[in-house]
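Have a look at the structure below, then the notes.
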Amino acid sequence: MNAGRGIVWSWALFLPLAVFLLLMMSSAQVYAEVPNAVPPKGDHKGEDVPQPIEFPHDIHAKINEINCMYCHTYARRSKVAGIPPTSKCMGCHSVIATDKPRIQKLTEYWEKREPPPWNKVHDVPDYVHFTHEKHLKRFVFDNEELPVERVSEVCAFCHGEVKNMTVAHKVKPLTMGFCVRCHEANKGPSDCWKCHK
Amino acid sequence: MSGNEINRRDFLKVMGWSGAGVALAGCDMPTTVTLEEGKEKVTSYVLPEEYVIPGVGVYYASTCQQCPAGCGIHGRVREGRFLKVEGNPDAPLNHGKVCQMGQAGVQGHYNPDRITKPLIRKGGALVEASWDEAMDLIKQNVGAESTLKGERFAWVTGTVSGHQAVLLQSHLDAMGSTNHFAHEIVNNAVSQAVNREMLGEAQPAYRIDEARLIVSFGADLLGASQSPVHFTTQYAKFREAPRGVLVQVESKMTLTGANADLWLAVRPGTEGVLALGLANALLVKHKRDAADLPADVRDVIAKYDHDTVQRITGVAGDRIVKVAAWLNSQSPSLVLAGGSAEGQAHGYDTAAAVMLLNIILGNIGRTIVSSGDLPFAQMEAKSGNTAGLLALADTLDKGGLDAVFVYNTNPVYTAPSHLNLAEKLSAVPFKVVFAQFPDETAMRADVVLPIHSPYEDWGTHVAGYYGNQISIQQPLMEPLNPTTRGFGDLLLGMLKMRGVAGYADFEDYYGYIRQAVAALPAEMKADAGSEDKYWQQVLQRGLIPVQRKPRSLTAKAIAVSLPDYAQDSEYPYHLVPSPRLGMWDGRYANIPWLQEAPDQISKVVWDSWAEMHPLTAQKLGVMEGDVIKITSDQGAIEAAVYIYKGIHPDAIAVPLGQGHEKEFSRYAKDRGVNPLKILSPVREAKTGELALYGTRVKLAKAGRNEALVKLGGTDQQMGRKLVATVTADVFRRTEGGQDVA
C-alpha cells in the first residue's frame, strides 16, 4: 500500500511535468529555433506580384547561401532594408551568368543607368514607423546565441521563407495585430508612440 | 463618397458584419490586410553615394528665407529629398529654434502652384516659353546693345542682403540707375529713422534678456517683428527668475500683448501721448533727473500731465501711475515702439516720445546697445519699407520707367488701391518678375522667370537685425524642376549680358560665392588649415561669424509734437490691418499649414475676419459671424465679426494675408479680403512711410451671417475652473508673491 501510494503520488507529480515537457517539445517543433525569440504567428496568402526581372531569391539565398544582408545591406543600419543598388548586382553579374536572359535584361538597365522598376511587395502604412535596424539588433546582433549567418531565420519572421521563392511573396499579414502579438511575446515596446510617431 | 454612395444604414450593416467576422475568425486570423501588394514602385540607386543610407536623414546647414530675419536652419534630407526644417543650434541668432513660417517652407518648396517654365506675354496672355526665348527678350530690352540706360530702369525687391545685394547693386550701377525700391509691409522703418536721429544708429540691439521691465508700445516682438525667433529666445531669458515684467500698450492685442503681464488698450494713435505722460510722471512724481534734457523737451513733457493723458489716451489714470512707478523702480528697463505706434501720420514723433523714456531712464547703453557696423558694408541688409513702395508709385506716376525687374516682393498685392499700382505697372513697357509663384505682380509681368526655391539655391545673407554673421544658404536638394534657375545665377547672367568687367570668369553664382569666401581675410580662417577645409567648415556651420565694429550711441533728446485726439464723425473707427507670425504680409496664403494654423488671438483658420470689442458689437447690434462692411474713403471690404475684449472699442482689426487673386494659389483663392486695399493715402509726416494704421473707417451691417471657422467654442470658462485663480492678496499671503512695484 505504501509503495502503491508512493507510485500514485509520483505519477501525480510526473503527469503535469510530462505534459509540460511534451508541450515544450511540440512548441519547439512547430516554431523555428531562433533562440531567445518567439516568432510572430499568422499567415497571409499574398498575390503574385510580377517584377520587371524575375529575381530568383532561391538561387542566391538557398543554393549559393548568400547572406540576406549582403544585398539588403541597409537593413542593419536603417529603417528600410533597401533594394540593392544596381551596381551591387553588376559587381557579380558582369562576369557571372552573363548568358542568361534575366541577367541580360539587368545589364540593359545598368547600361541605361536606370534601376529596374521593382514593384513593392512588403509595405506598412505611412503612419507606421517600422525599423529593420531595431529588429535586427534585438534578434540578431544583441542575440549572442544566434550567429549572424542565420539571419535569414529572423528575416523569415515577417517575410517568410524567401530563400524558397523566386520573386518575393507576401506570406505574413504585417497587420497591427501581427506586430502587437509579437511585441507581447517578445517583450517589445507597447507604447503607441513607438510605431505611430 | 461621390460615385460610391453608401448611406448610413448600409454603412452600419457593413460594420456589423465585419464585427461578426472578427469575432468568428478567432485569435490569430487577421481579417483585414491594410496595404495592397504590387501597386507601388520601389526604386533602388543605380550607383549609391557612399554616405547615403536609404531611410536615414542627412542634415545640411542653411539659412531660412521665409522672412528677412535670416535664422540658421538645418534641412533634413532623405533619399535626395528635402523633408524638414529644424533650427541650427550653432546659429547665435536663433539658437536652434525656428518658427512656424520657417517650418512651413517645405510646403512652399513642394507647392503644386510653383511656376516651372519661363512665361512670356504674347497677345495679352502669359504663355510658356523656353529660357532662350526669355533671355533673348531680356537681352533685347536691357542688354548691352539696348538703348535703355540710367534712371529709366529699376529693381523692386523685398529686403536683400549679402552677395545678392552686392550683385544687385552692380547691376544697377551697370544700368546707370539708382532706382532700387525695397519694399516690405512688416518693417520698422520709422523706428530706424528715429534711432538714427536720437541714437546715431538705425538699428541698435535691444537687450530684452537684460531688462527687468519692458514697456512695449505696439512692438510685437514675439510675432510680426524684425526677428521673431531671436526676440523669443531673448524673451525666454527675460522671463527666467527674477522674472521680468512685460507691459504692452496697443489698440489691438498682438501675440506679444497676449503674453504681457499688463495689457493696456490705448486709443489708436495716442501711444506717444501715453509715453509722454509716463515721462511726465517720472520727472514730476518720481523726481527723475531732467537736467540733461533740453528745455523744449521738458516743456513738451510738462504739457502731458496725468489728466490730459488720461483724457487723450483713454487709459485709466491708476494704470498710468502704476506703470510709471514700475518704470521708476525696475532698472534696467526697455521701452519699445512697434508697428501700430509707428504706423500713424505722427509715427515718428510717437517713436521719438518712446525713445525719450529710454533716455530719461538711462537705458541707452544698457538695454539698448550698438549693433555696430559690418566690416563688409556692401553686404549689409537693405531693409524694405513702404516708402520704397510709395517711391515706386511716384516714379511710375511720372512715367519714369521703361523696364522694371521684380524679385521677392509682391507690390501689386500689398499696395493700397489708391496707388493704382497694377495700372501704373502695366504702363511700363518691359516688366520682368523673378518668381516662384504666379502672384499678383508676376501675373502682370511681360516675362516671368521661374526661380529655384530657397532650398535649391545658393546665397549669402546678413540679417537686418543681429547681423553678427554672414549666413550661408546652400541647396538642400537638386531642383525639383529642371527648368527653374537660381536667382544668383540669373543676376550673374544679367551682369555678363551687360558686359560688366570682373564677372566673366564666374561660371555660376556658387563659383562667385566660393571666390568671395576665399577672398575673406586670412585671420578669419586661421583655425581651418586650408582653404578647402575652411569652406567645408563654413558649409557645416551654415554661417561665418563676423565681428561688427561697435559705435558709441548718442542719447539726443528731441522735442516732439503730438496731435490731440480728433474724432471723425463720418469715419469713427480706426482700421488695424494686423500682420501675424504665419500669414505675415500675405505671402504665405498659399501654404496650407499656415492657413490651417489658427490665428494666435482669434483662433480663426483659412479666412479673414473683423475683430471688434464687445461694446462696439453691442453698439452695432452684431454677433460673432455677422458680416460687416468696413468702409474707408478708398473703398470697402466685408468680413465676419469676431468679438474679443483684446481690442480698443474704437478699433476694428482685419488680418493681413487673404484676398489674393485666383491665379496665385489653389489654397488662397476665393478666401477672405485684403485690408491693405482700402488704406487711406495717409503718410507718416517725417519719413514718408505709408501710415499703415492711419486709416479711419465706418462700419455697417451687411445683413448676413457666415460662421467663423475657429478652434475653441468660447473664451469663457463657464464655471469649469479650467484655469485656477487666486486673488493677488491670497497669492501674496500664501505663496510669497510680490507685486513688482
Beta bridge orientation in the stretch B:553-659: antiparallel %, DSSP, nearest 5: 50 percent
Fraction of beta bridges assigned by DSSP in the stretch B:384-484 that are antiparallel (%, nearest 5): 25 percent
Debye-sum result for the protein assembly as shown in log10 I(q)/I(0), which assumes one identical scatterer on each alpha carbon, at q = 0.07, 0.09, 0.10 Å⁻¹: -0.74, -1.09, -1.23
Cα centroid separation - the stretch B:434-504 against the stretch A:67-89, whole Å: 39 Å
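Under 1.5 on a/c is rounded, so check that first for the stretch B:141-187, then, if it is not, pick prolate when a/b is larger than b/c and oblate when it is not; a ≥ b ≥ c are the square roots of the alpha carbon gyration tensor eigenvalues.
prolate
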Under 5 Å, built H, 5+ apart or other chain: amide partners of B:VAL576: B:ILE652, B:ALA653, B:VAL654
Chain B - charge dipole about Cα centre, Lys and Arg +1 at Cβ, Asp and Glu -1, debye rounded to 20: 1380 debye
Euclidean distance between Cα centres, the stretch B:185-200 to the stretch A:108-160, Å: 61 Å
Amide H contacts under 5 Å for B:PHE217, placed H, 5+ residues apart: B:VAL249, B:LEU336, B:ALA337, B:GLY338
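Summarise the partner chain shielding of A:79-89 as one whole number: the mean count of Cβ atoms from other chains within 10 Å of each residue's Cβ.
Counting Cβ atoms of other protein chains within 10 Å of each residue's Cβ and averaging gives 5.
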Dipole-positive endmost among B:THR43, B:GLN234, B:ALA325 within the protein assembly as shown (Cβ charges, Cα centre): B:ALA325
Average partner coverage of A:47-53, which counts Cβ from other chains inside 10 Å: 2
Value of [θ]222 nm, deg cm²/dmol, for chain B, DSSP H segments ≥ 4, -39500 (n - 2.57) each, nearest 500: -8500 deg cm²/dmol
Relative contact order (%) - the stretch B:190-369, alpha-carbon pairs under 8 angstrom, separation at least six: 32 percent
Label-point separation, B:THR734 to B:ALA291 (7 Å along Cα→Cβ), nm: 5.1 nm
The stretch B:272-298-the stretch B:591-637 distance, computed between alpha-carbon centres (Å): 39 Å
Cut-off under 5 Å, modelled amide H: who pairs with B:ILE470 long-range: B:ILE544, B:VAL546
Cβ-placed point charges (K, R +1; D, E -1), dipole of the protein assembly as shown about Cα centre in debye, nearest 20: 1680 debye
Global form of the stretch B:573-705, assessed from the alpha-carbon gyration tensor, a/c cut-off 1.5: oblate
Calculated over the stretch B:377-523: convex hull of Cα atoms, volume per residue (Å³): 149 Å³
The protein assembly as shown - share of DSSP beta bridges that are antiparallel (%, nearest 5): 55 percent
Hz values of 3J(HN,Hα) by residue in the stretch B:659-673 - Karplus curve (6.51, -1.76, 1.60), Gly and Pro given as x: x, 7, 6, 5, 5, 4, 6, 5, 8, 9, 6, 6, 10, x, 10
Size of charge dipole - the stretch A:27-98 - debye, nearest 20, with Cβ of Lys, Arg +1 and Asp, Glu -1, no other charges: 400 debye
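Taken together, the values in this text are just the output of simple stated rules run on the coordinates, not laboratory data. All values reported here derive from a predicted model rather than from experimental measurement. Cβ coordinates were reconstructed from backbone atoms using ideal geometry, including for glycine residues, and neighbour counts include every protein chain displayed.
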